[in-house]
1. Being among the hydroxyl-bearing types (S, T, Y) and without any contact (Cβ under 8 Å) to a residue 24 or more places away in the chain is the filter; apply it to the stretch 39-73 and report the residue that is nearest to D108 (Cα to Cα).
2. Output the qualifying pairs, or none if there are none: Cβ atoms under 8 angstrom, residues six or more apart or on different chains, first residue in the stretch 95-120 and within 15 Å of A65 (Cβ to Cβ), second residue modelled with pLDDT of 95 or more and open to solvent by 40 Å² or more (accessible area, probe 1.4 Å).
3. Residues in the stretch 87-98: is at least one modelled with pLDDT of 95 or more, over 14 Å from the mean Cα position of the chain (by Cα), within 22 Å of S2 (Cα to Cα) and among the polar types (S, T, N, Q)?
4. In the stretch 104-125, how many residues are open to solvent by 50 Å² or more (accessible area, probe 1.4 Å), among the charged types (D, E, K, R) and within 16 Å of the chain's Cα centre (by Cα)?
5. Can you tell me which of A87, A115 is more than 18 Å from L50 (Cα to Cα) and of a type in the set (A, V, I, L, M, F, W, C)?
6. Which of the helices (runs of 4 or more DSSP H) found entirely inside the stretch 1-103 contain at least 1 residues meeting this: open to solvent by 100 Å² or more (accessible area, probe 1.4 Å) and over 19 Å from A123 (Cα atoms)?
Amino acid sequence: ASERDDIELWCWSVRDEEIPDDPRIHASPYRMTEHHVYAQRLFTLDALVLPFTEGMLTTGTIGDAIGAGIPALCSSWGYLREAMGDAGIYYGDSRDELTACIDSLTPDVLAAATAAIPERQAALDWKPIAEATFSLIDGVVASR
């Protein structure tokens with residue numbers, strides 16, 4: 001729906017959605033792919049779009065975005081805000097709000113979201129989380 005001619009949308013997970021006839025949209029059917037192909041695709045993006053509003057807690061895509069250092073356009077779902085923090089660019093929930101978000105994207109907006117990613121990476125790093133979890137479990141066991 002965007003009028004911009006300097007953007008493209010790449011979707012590698014189409015199931016049975018109807019894809020608009022638009023040369024800026026590139027889509028292919030969902031299929032499992034090798035890790036290196038997935039990584040190559042991920043690193044070609046300026047931003048991911050996370051239009052989820054529920055039920056995608058186990059997607060892994062959110063962690064992939066943070067791990068790869070890629071900001072994301074996010075719906076208003078609270079989990080996305082919690083996970084992405086300032087690395088997310090939030091638009092609401094409707095298609096019109098997503099279009100407005102895309103239309104308003106600038107290099108500065110993307111750079112600000114990208115700059116927030118190291119904080120998210122540190123906050124979600126597995127090692128300190130694992131150590132804290134072990135400490136908690138160890139404390140519970142020791143108190144018995």
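The values are calculated or read from the model by the stated rules, or taken from the named source; none is laboratory data. Because the structure is predicted, anything quoted here is derived from the model rather than measured. All Cβ positions, glycine included, derive from the backbone under ideal geometry; neighbour counts span all protein chains shown. Note: accessible area is taken over every heavy atom of the protein model, side chains too, but ligands, DNA and RNA are not part of it. Shrake-Rupley method; radii C 1.70, N 1.55, O 1.52, S 1.80 Å.
1. Let us first name the residues in the stretch 39-73 that are among the hydroxyl-bearing types (S, T, Y), namely 44, 53, 58-59, 61.
Applying the additional criterion that residues be without any contact (Cβ under 8 Å) to a residue 24 or more places away in the chain yields 58-59, 61.
Numbers: T58: 31, T59: 28, T61: 24 Å.
Ranking the candidates gives T61 first.
2. Pairs that qualify, where the first residue is within 15 Å of A65 (Cβ to Cβ) and the partner is modelled with pLDDT of 95 or more and open to solvent by 40 Å² or more (accessible area, probe 1.4 Å), are A113/D86; A116/D86; E119/D86; R120/D86.
3. Checked the stretch 87-98: no residue is modelled with pLDDT of 95 or more, over 14 Å from the mean Cα position of the chain (by Cα), within 22 Å of S2 (Cα to Cα) and among the polar types (S, T, N, Q).
4. Count: 1.
5. Sole residue among the options that is more than 18 Å from L50 (Cα to Cα) and of a type in the set (A, V, I, L, M, F, W, C): A115.
6. On the way: elements: 35-42, 61-68, 78-84.
The helices (runs of 4 or more DSSP H) meeting that bar are 35-42.
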